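These notes are about the structure you will find just below.
Since every read-out is calculated from the coordinates, none of them should be taken as a lab result. All values reported here derive from a predicted model rather than from experimental measurement. Here the Cβ positions follow ideal geometry from the backbone for every residue, glycine too, while neighbour counts run over all protein chains shown.
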Amino acid sequence: MTVLILHVKRKYFDEIKAGTKKEEYRLAKPYWLTRLSSRYLNSIVILKGYPSFHMLRSNNRIDFPWNGYEEKTITHPEFGKYPVDVYAIKLEA
């Protein structure tokens with residue numbers, strides 16, 4: 001079993017937990033392509049920030065099954081004012 005762990009800011013963690021954010025974006029770079037292309041991935045763990053080991057409680061963590069990703073071009077404040085290519089990781093139960 002291989003798990004993809006993604007650290008996100010509190011704002012995005014809260015949106016994911018509320019169900020309003022259905023995708024997590026990562027820049028389309030070789031590093032992320034290698035991680036996302038693993039045929040052994042079967043789950044995703046979303047962590048709020050970079051919690052210390054004793055803070056890895058259920059209120060700082062959300063688990064999802066692996067549902068793949070799509071390549072997209074988006075404009076998003078986290079990536080600047082110009083469109084960028086991203087991998088949109090699907091966050092669906």
(request) Treat the count of other C-beta atoms within 10 Å as a stand-in for reagent exposure and order 31, 12, 87 from fewest to most. (result) 31, 12, 87
(message) Expected output is a single nm value to one decimal: the length gained when fully extending between residue 85 and residue 5, i.e. 0.36 nm times separation in residues minus the C-alpha distance. What is it?
(response) 26.7 nm
(request) Quick one: order 52, 38 by neighbouring beta-carbon count within 10 Å, fewest to most. (result) 52, 38
(message) Taking θ = phi - 60°, what integer Hz values does the Karplus form 6.51 cos²θ - 1.76 cosθ + 1.60 yield along segment 66-73, in sequence order, with x for Gly and Pro?
(response) 6, 10, x, 8, 10, 8, 9, 10
(request) Using a 10 angstrom cutoff on alpha carbons, build the Gaussian network for the chain and name the most mobile of 77, 65, 51. (result) 77
(message) Taking the number of other C-beta atoms within 10 Å as the exposure measure, put 37, 58 in order starting with the fewest.
(response) 58, 37
(request) Taking 7 Å along the Cα-to-C-beta vector as the label spot, tell me the residue 92-residue 37 distance in nanometres, rounded to one decimal. (result) 2.4 nm
(message) Under 5 Å between amide hydrogens, which residues at least 5 positions from residue 66 or on another chain qualify, with H placed 1.01 Å from N in the peptide plane?
(response) 43, 44
(message) Just to be sure I understand the curve: with the Debye formula and one point per C-alpha of segment 2-90, what is log10 I(q)/I(0) at q = 0.23 Å⁻¹?
(response) -1.28
